[in-house]
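I have placed the structure first, in the form of structure tokens, so that the comments after it can refer back to it.
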Amino acid sequence: VFKVTAVPVVKGEQFDGTVLVINDITRLRNLERTRRDFVSSVSHELRTPLASIKGYTETLLEGAVNDPEHATAFLRIIQQESEQLTALINDVLDLSRIESGKIIYNFEPVDVKPALEKTMALFEPAASRKGVRIELNVPDGLPPVLADRNYFDIVMRNLIDNAVKYVDANRGRVRVSACKADQNVAIEVSDNGIGIPQADLKRIFERFYRVDKARSRELAGTGLGLSIVKHILLAHKGNVEVRSKTNSGSTFTVTFPIAGKEAASST
Ligand code: ADP
């Protein structure tokens, strides 16, 4: 897409012709379109839980409030939908901050093992309630990675949260492991869950993309988690990859660069 502007050239008092200025505004147009799509997706995603909250509130006010059994069920739905709205707003804010490139990352050497132990401990209660086994397998002596500790945690929380979410209750297993790979440390989050169909694999890092809308909604997802993960890894000069097979499980591998001497001595 080109924008053409005609600029008259004046020499002294005299008109001396016209200069055509041609600008390639393709990138700008694309950027505008992405932004418009984002706003419309967010509005749509906000509207769904809001419509449900409104519907159940009206039903309660019209009399269901006097029927304790239904009233409790409806209130529980209203509560879940409110939590979904909160999660969505938080993820949208996180993603737009991360994407804007305005975040100042506090890169420092991060010891992978204790960081992962802390994150795994957060998931222990939810996993055990669901009957899901979670295991951590990190060798001692792994070199530290260069990362912003908070964003390293966000990446790992997102991946482990998905793994626990997309495995079956009582037979699910989630394994987190790490090893050195060239100048990086590779961390693997692997599960034996529902898996991701081949055709969807390329798209799961897109904003709001979910393999199975109905199922993902039931599981209270925002569809933004992997998008956030991808952008954080870009900023860290790391990488994220996925291997998966429907009904047999998924493995997400993220790499973070090993903290070099300079980084280690500057902190
Ligand atoms: P969500 O909030 O829906 O989990 P994400 O961006 O984290 O959003 O993931 C996008 C989609 O990728 C999910 O809706 C799900 O369909 C799929 N997905 C992500 N992780 C896994 C996994 N470990 N097993 C199966 N499907 C997954």
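The values are calculated or read from the model by the stated rules, or taken from the named source; none is laboratory data. Here the structure is a predicted model, which is why all the values come from computation and not from measurement. Positions of Cβ are generated from backbone atoms using ideal geometry, with glycine treated the same way; all protein chains shown enter the neighbour counts.
Checked against the criteria, Asn184 counts as within 23 Å of Asp148 (Cα to Cα), modelled with pLDDT of 95 or more and surrounded by 14 or more Cβ atoms within 10 Å (Cβ to Cβ).
Residue pairs whose Cβ atoms lie under 6 Å apart, sitting 6 or more positions apart in sequence or on different chains, and linking a residue in the stretch 70-85 that is touching a residue at least 60 places away in the same chain (Cβ under 8 Å) to a partner that is of a type in the set (A, V, I, L, M), are Gln84/Ala220.
Does at least one position in the stretch 177-192 carry a residue that is of a type outside the set (Gly, Ala, Ser) and touching an Asp or Glu at 6+ places or on another chain (Cβ under 7 Å)? Among the residues of the stretch 177-192, not one is of a type outside the set (Gly, Ala, Ser) and touching an Asp or Glu at 6+ places or on another chain (Cβ under 7 Å), which makes the answer no. The residues of the stretch 83-111 that are of a type in the set (S, T, N, Q) and at pLDDT 95 or above amount to a single one, Asn106. When the stretch 121-167 is limited to residues that are part of a loop (DSSP other than H, G, I, E, B) and either surrounded by 12 or more Cβ atoms within 10 Å (Cβ to Cβ) or among the aliphatic types (A, V, I, L, M) (or both), the one that is nearest to the ligand (Cβ to nearest atom) turns out to be Tyr166.
The numbered conditions (1) near the ligand (Cβ under 7 Å from one of its atoms); (2) assigned to a loop (DSSP other than H, G, I, E, B); (3) at pLDDT 95 or above are all true for Gly223 except (3). Here Val174 does not fit the description of being surrounded by 14 or more Cβ atoms within 10 Å (Cβ to Cβ), in contact with a Leu (Cβ under 7 Å, 6 or more places away or on another chain) and of a type outside the set (Gly, Ala, Ser).
Regarding Val42, is this residue of a type outside the set (Ser, Thr, Tyr) and in a strand (DSSP E or B)?
Numbers: of a type outside the set (Ser, Thr, Tyr): yes; in a strand (DSSP E or B): no.
No, not satisfied.
Evaluating Lys102 against the criteria (1) surrounded by 12 or more Cβ atoms within 10 Å (Cβ to Cβ); (2) not aromatic (Phe, Trp, Tyr); (3) not in a helix (DSSP H, G or I) leaves one unmet condition, (1). Looking only at residues of the stretch 226-257 that are over 20 Å from Arg173 (Cα atoms) and assigned to a loop (DSSP other than H, G, I, E, B), we find that the one that is farthest from the ligand (Cβ to nearest atom) is Lys237.
Okay, residues lined up against (1) surrounded by 11 or more Cβ atoms within 10 Å (Cβ to Cβ); (2) more than 20 Å from Phe205 (Cα to Cα); (3) within 24 Å of the chain's Cα centre (by Cα):
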position: Gln14; (1), (2), (3): no, yes, no
position: Ala51; (1), (2), (3): yes, yes, no
position: Ala71; (1), (2), (3): yes, yes, no
position: Glu81; (1), (2), (3): yes, yes, yes
position: Thr119; (1), (2), (3): yes, yes, yes
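Pairs are defined by a Cβ separation below 6 Å, a sequence spacing of at least 6 or placement on different chains, a first member in the stretch 45-61 that is assigned to a helix (DSSP H, G or I), and a second member that is of a type in the set (D, E, K, R); the pairs so defined are Pro49/Glu81; Ser52/Glu81; Ile53/Glu81.
Only one of Asn170, Asn192 is more than 12 Å from the ligand (Cβ to nearest atom), of a type in the set (S, T, N, Q) and either within 13 Å of the chain's Cα centre (by Cα) or farther than 21 Å from Asp91 by Cβ (or both); which?
Asn170
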